[in-house]
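The values are calculated or read from the model by the stated rules, or taken from the named source; none is laboratory data. Worth saying up front: this structure is predicted, and the values here are computed from it rather than measured. So basically every Cβ, Gly included, is an ideal-geometry build from the backbone, and we count neighbours across all protein chains shown. Only protein heavy atoms, including side chains, enter the accessible area calculation; ligands, DNA and RNA are left aside. Shrake-Rupley method; radii C 1.70, N 1.55, O 1.52, S 1.80 Å.
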Amino acid sequence: MLLVYTQKITPRLRYTFKHLITRILGIPVDFTTKIETFIAHNEVKMSYAKQPLGDEFFIRSHDLLFEQGIGEVAFKVLEWEDIPCFFMAGEKSTIPYDIFAASFYLLSRYEEYLPYVKDEHGRYTAKESLAFKHDFLTLPVVDIWCQKFKKILEEKFEIFKDNEYEQRSFSYMPIINIPIAYAYKKRGMIRTFGGYLTDIFRLRFSRFLDRSAVLLSMREDPYDNFEEFIQLHKEYKTQAQYFFQIGDYSTHDHNISVYKNVFVRLIKNVSDYSKVGLLASYDSFSDIEKLKIEKKRLNSIINRPMKRARQHFNMLSLPKFYRNLIDLEFTEDYSMGYHDTLGFRAGTCSPFYFYDIGMEIQTPLKVHPFCMAYLGKIDTMLPNDEIMQMATEIQKVNGTFMPLFHNVVLSENNAAWKELYISLLKAYSNA
């Protein structure tokens, strides 16, 4: 066990140390404010304060973990052995940066509570983030800092070499959004007729022919590739997470009606093979009652409590959306990432519990961050090299590689994304 001496044990401090040291590194940790207890401790120990007590393992603390609420934070992003870091700790500190305060800043999404320029949907964008501005968005810096910290601990304390703490391993877990289960079929007479008119007015004659072929049962619906998904995941022994959009039809939500038997059977079938969650509708972003209705619908379909959710269009606004999830007894969220930019929004490739700064508590909501998203574009120029480099960095720290796709990724018209999806399964699955 690692004993940490500090002058004040705050919720922020406990949350951050427990996550970095215990959940990421697997090392039990405890805290004390009593100097005599710290001196008497004969195992691994460190102090986290403004000044060291003696010649112990010492990290000079930044004020962030001892504060409450939100305020302006001064930054100077430098490098710690080629890895960006901030909150310099000074010469007396055993490590040059206060990685605990820096990690809390990223994990809590502190910067998203501050004023920022929103996009057309009211979202926080990658360009607003510290990580983007200082070019470390594609690095899981929190996990990298932890590994560097552990290496220094092992050099300082021989006991670490004689104890086998719980070691986590790399995992690959794709997320699959189902915003539209079928491209053409089961969409109702009015929507089908409207689709034909749109094809004609926009001169999309190939789509007109495809629509007709599907509706005349001459070919399969291009989005109806769920059996192919299931077989791929069985072959490569991969556990995927499916998120179904079952909200009412609206400007941004275009799925077929949840009351159609074919859609209900599809969800039940997928839930037999994989984990299923709620893709919360665009409108539920600002309406907890709609979110409640959607959860109830999915509960009744799969006949078990629904605990997982992510927000359609990545309409993640903190802390409002997460508080709504907690109020409705969701325990897992998969919205932490950017819809149009590669990278680690919270600076990590490890699941973590949401810390509510407004209430200064660790919540029971576990956040699963993703680092890449299917952009909804048929694009032959994909950032494959950058994606593979991120995967390599995740492997180095034994984290979780979680990319986000849509079911349309395996359609015939999306060859580049389909190739990428299968190549990632081959490279990083458990087969």
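What does the charge count near VAL29 come to, summing +1 for each Lys or Arg and -1 for each Asp or Glu among other residues with Cβ under 12 Å from its Cβ?
Numbers: positive: ARG14, LYS18, ARG23, LYS45; negative: ASP30, GLU43.
Net charge in that neighbourhood comes out at +2.
Are there GluC sites (Glu not before Pro) in the range 38-88 that DSSP puts in a loop and that have at most 16 other Cβ atoms within 10 Å, and which ones? Write out the running numbers ahead of the final one.
Values: sites: GLU43, GLU56, GLU67, GLU72, GLU79, GLU81; in loops: GLU43, GLU56, GLU67, GLU72, GLU81.
Passing sites in the range 38-88 are GLU43, GLU56, GLU67, GLU72, GLU81.
Nearest 20 debye, what's the magnitude of the dipole of the chain about its Cα centre given +1 on Lys and Arg Cβ and -1 on Asp and Glu Cβ?
Working: 54 positive and 54 negative charges, 295 e Å.
That gives the chain a dipole magnitude of about 1420 debye.
Return one number: the angle in degrees, 0 to 90 and rounded to the nearest 10, between the long axis of the Cα atoms of helix 384-396 and the longest principal axis of the Cα atoms of the chain.
40 degrees
Which FRET efficiency value, to the nearest 0.05, do you get for GLU158 and ALA49 by plugging their Cβ-Cβ distance into 1/(1 + (r/R0)^6) with R0 = 30 Å?
0.75
If amide hydrogens are placed 1.01 Å from N in the peptide plane, which non-local residues have theirs closer than 5 Å to the one on TRP80?
Distant-sequence amide H within range of TRP80: CYS85.
Could you tell me what percent of the accessible area of the chain is made up of carbon and sulfur, with a 1.4 Å probe and every protein chain present?
51 percent
Any of LYS260/LYS366; LYS268/LYS290; LYS133/LYS320 with alpha carbons more than 29 Å apart? Name them for me. Can you show the working numbers first?
Numbers: LYS260/LYS366 32 Å; LYS268/LYS290 22 Å; LYS133/LYS320 26 Å.
With Cα atoms farther than 29 Å apart: LYS260/LYS366.
May I ask you to rank ASP333, ASP135, ASP224 by accessible area, largest first, using a 1.4 Å probe over the protein chains only? Write down the numbers at each step before the final one.
Values: ASP333 0, ASP135 130, ASP224 50 Å².
Descending order: ASP135, ASP224, ASP333.
Which loop chymotrypsin sites (Phe, Trp or Tyr not before Pro) in the range 182-282, with loop taken from DSSP, have no more than 14 other Cβ atoms within 10 angstrom of their Cβ? Let's see the in-between values first.
Values: sites: TYR182, TYR184, PHE193, TYR196, PHE201, PHE205, PHE208, TYR223, PHE226, PHE229, TYR236, TYR242, PHE243, PHE244, TYR249, TYR259, PHE263, TYR273, TYR282; in loops: TYR182, TYR184, TYR223, TYR236, TYR249, TYR259, TYR282.
Of the chymotrypsin sites (Phe, Trp or Tyr not before Pro), the ones in loops of the range 182-282 whose Cβ has at most 14 other Cβ atoms within 10 Å are TYR249, TYR259.
Regarding the chain, what whole-number volume in Å³ per residue does the convex hull of its Cα atoms give?
Details: hull volume 65.7 nm³, N = 431.
Value for the chain: 152 Å³ per residue.
Against the longest principal axis of the chain, how steep is helix 226-235, in degrees 0 to 90 to the nearest 10, with axes from Cα atoms?
Helix 226-235 and the main axis of the chain meet at about 40 degrees.
To the nearest Å, what is the center-to-center distance of the range 197-266 and the range 323-374, using C-alpha atoms only?
28 Å
Please give the charge dipole size of the range 1-152, origin at the Cα centre, charges +1 on K and R Cβ atoms and -1 on D and E Cβ atoms. Round to the nearest 20 debye. Present the calculation step by step, with values, prior to reporting the outcome.
Details: 19 positive and 20 negative charges, 71 e Å.
Charge dipole of the range 1-152: 340 debye, to the nearest 20.
Using only Cα atoms, find the angle between the long axis of helix 288-302 and the longest principal axis of the chain, and express it within 0 to 90 degrees, rounded to the nearest 10.
70 degrees
How far is it, in nm, from the label point at ARG202 to the one at LEU78 when both lie 7 Å from their Cα along the line to the Cβ?
Calculated label separation equals 5.3 nm.
Run the dipole for the range 15-63 about the Cα centre, Lys and Arg Cβ at +1, Asp and Glu Cβ at -1, nothing else charged, and hand back the magnitude in debye, nearest 20. List each step's numbers first, then the result.
Working: 6 positive and 6 negative charges, 41 e Å.
The dipole magnitude comes to about 200 debye.
Kindly work out what percent of the DSSP beta bridges joining two residues of the chain are antiparallel, to the nearest 5. Could you put the intermediate results ahead of the total?
Values: 8 of 40 bridges.
If I count the DSSP bridges inside the chain, around 20 percent turn out antiparallel.
Ranked highest first by average number of other Cβ atoms within 10 Å, how do 24-35, 417-428 line up? Mind showing how you got there, number by number?
Details: 24-35: 15.7, 417-428: 17.6.
Descending mean neighbour count gives 417-428, 24-35.
Apply the a/c threshold of 1.5 to the C-alpha gyration tensor of the range 47-130 and tell me whether it is rounded, prolate or oblate. Don't skip to the answer; put the middle values down first.
Working: a/c = 3.56, a/b = 2.05, b/c = 1.73.
Prolate, since a/c reaches 1.5 and a/b exceeds b/c.
Within 10 Å of each candidate Cβ there may be at most 13 other Cβ atoms; applying that plus a DSSP loop requirement, which GluC sites (Glu not before Pro) in the range 282-337 survive?
Sparse-neighbourhood loop GluC sites (Glu not before Pro): GLU329.
Enter the accessible area per residue of the chain (Å², integer; probe 1.4 Å; all protein chains in place). List each step's numbers first, then the result.
Working: 19840 Å² over 431 residues.
Per-residue accessible area for the chain comes out at 46 Å².
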